[in-house]
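K.L.:
Handing you a structure now.
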Amino acid sequence: MSSGDSAGLDPIRPPDTVRPRILRPFPRRPARRAGSRRSALPRRPVLPRRPVLPRRPVLPRRPALRALPRPRLPRGARRARQAFVRDTMVAFGGLSAVSQVVGPFVPHSAAGAVVGLSVGGCLGWGLLRSRPVTRVRQVFRRPDMTVVVETGDVFDQPAHLVVGFCDTFDTLSAGGRLINADTVQAQLLDRRYDGDAHRLDAELAAALAPARPVAREDRADKPLGKLDRYPVGTVAVLGDRPRLVFGVAYSRMDNDYVAASCVEDLWRGLGGLWDALRAHAQLEGVAMPLVGSGLARLGHLDRDSLLRLILMSFVARSREGAICRELRVVIRPDEVDGVDMRELAAFLAALASEPERRRT
């Protein structure tokens, strides 16, 4: 090709390169103009709001009728009722079994009288078995001793007496702030010492002379009462034979004159009491109240559990060595409702039969 022919042609150039496509944002919708077609459409009318009607007055509701609480019977009465029903049904069952054998031999004319006598006998047996129990007595063979739990006055018992004290061995009542007038300790001062607190304090000082106090309070912190504190479990032997008084410390007296105790303190106090009885009682009878049931603040234990704790401690320590021939726990009449004598009798019977089961 000549130069003249190539003069009219475009020079050869490389093909176009692929340019990247630039993404542009989507165009916004134009705002509605005043004269546009959509703006000319009629808008939805705004309906008026519904008038707020006044609420109805809330009338007070009538209180729901509740059933009156059923009066709870004392524990002893409930147990007696259960024993009556149980023993009566047992008697009916036994007589019905006997009647199956003896019935064919009974004349028809006497059948009504036999049935009446049987029913009366069953009811009488149930009443006999459910009668109130005020005294429980259990004899132990190993060791040879007797445990008696009964209601009455502990000061009327012809035996050595056990009285609970606090760790300061206070005796003056100070108008009831230190010693409550209803406690056994206050009755000890009135009935054994004729209200002579000086004589009782002198005997306590002589009995506590071998013991060593663990602390001494300041008079500014404890304005009333004694200041020396003795360990829990300390026992002061007072009086003369044949009726000694064993004062055992099983509670602590705070400086605000509030006595408090716990299960551990009571157990330690009972251990010291059994040791003192073994040393001074000479195996004679001992009478004690239900210690810990008054103002010692052992409220987490009811009287039934407290009594079982005392008896268990006595039986366990007696198996290590004889303490006394008879322990008599005397419960005041106003405290007997909290003790189930029937269950207590079964508890003592189980304790007495435990060594026999071990031997077999």
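The values are calculated or read from the model by the stated rules, or taken from the named source; none is laboratory data. Note that the structure is a prediction, hence the values are computed from the model and not measured. As a convention, Cβ positions derive from the backbone with ideal geometry for all residues, glycine included, and neighbour counts pool all protein chains shown. Remember, those area values only see protein heavy atoms, side chains included, never the ligands or the DNA or RNA. Shrake-Rupley method; radii C 1.70, N 1.55, O 1.52, S 1.80 Å.
Every residue, every condition in (1) part of a helix (DSSP H, G or I); (2) exposed (fewer than 14 other Cβ atoms within 10 Å of the Cβ); (3) of a type in the set (A, V, I, L, M), yes or no:
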position	(1), (2), (3)
Arg219	no, yes, no
Asp240	no, yes, no
Leu266	yes, no, yes
Gly269	yes, no, no
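K.L.:
Next up: Which of the residues that make up the stretch 157-188 are open to solvent by 20 Å² or more (accessible area, probe 1.4 Å) and more than 20 Å from Ser293 (Cβ to Cβ)?
P.N.:
Scanning the stretch 157-188 gives Pro158, Leu172, Ala174, Gly175, Arg177.
K.L.:
Going by what's in this entry, would Asp170 be described as in contact (Cβ under 8 Å) with a residue 60 or more places away in the chain and either in a loop (DSSP other than H, G, I, E, B) or of a type in the set (Lys, Arg) (or both)?
P.N.:
Numbers: in contact (Cβ under 8 Å) with a residue 60 or more places away in the chain: yes; either in a loop (DSSP other than H, G, I, E, B) or of a type in the set (Lys, Arg) (or both): yes.
Yes.
K.L.:
Right, another one. Go through (1) surrounded by 18 or more Cβ atoms within 10 Å (Cβ to Cβ); (2) at pLDDT 90 or above and name the single condition Arg137 misses.
P.N.:
(1) is the only condition that Arg137 fails.
Residue-wise test of (1) modelled with pLDDT under 95; (2) buried (at least 17 other Cβ atoms within 10 Å of the Cβ); (3) under 23 Å from Ala352 (Cα atoms).
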position	(1), (2), (3)
Pro213	yes, no, no
Asp228	yes, no, no
Ala249	yes, yes, no
Arg252	yes, yes, no
Met312	yes, no, yes
Ala316	yes, no, yes
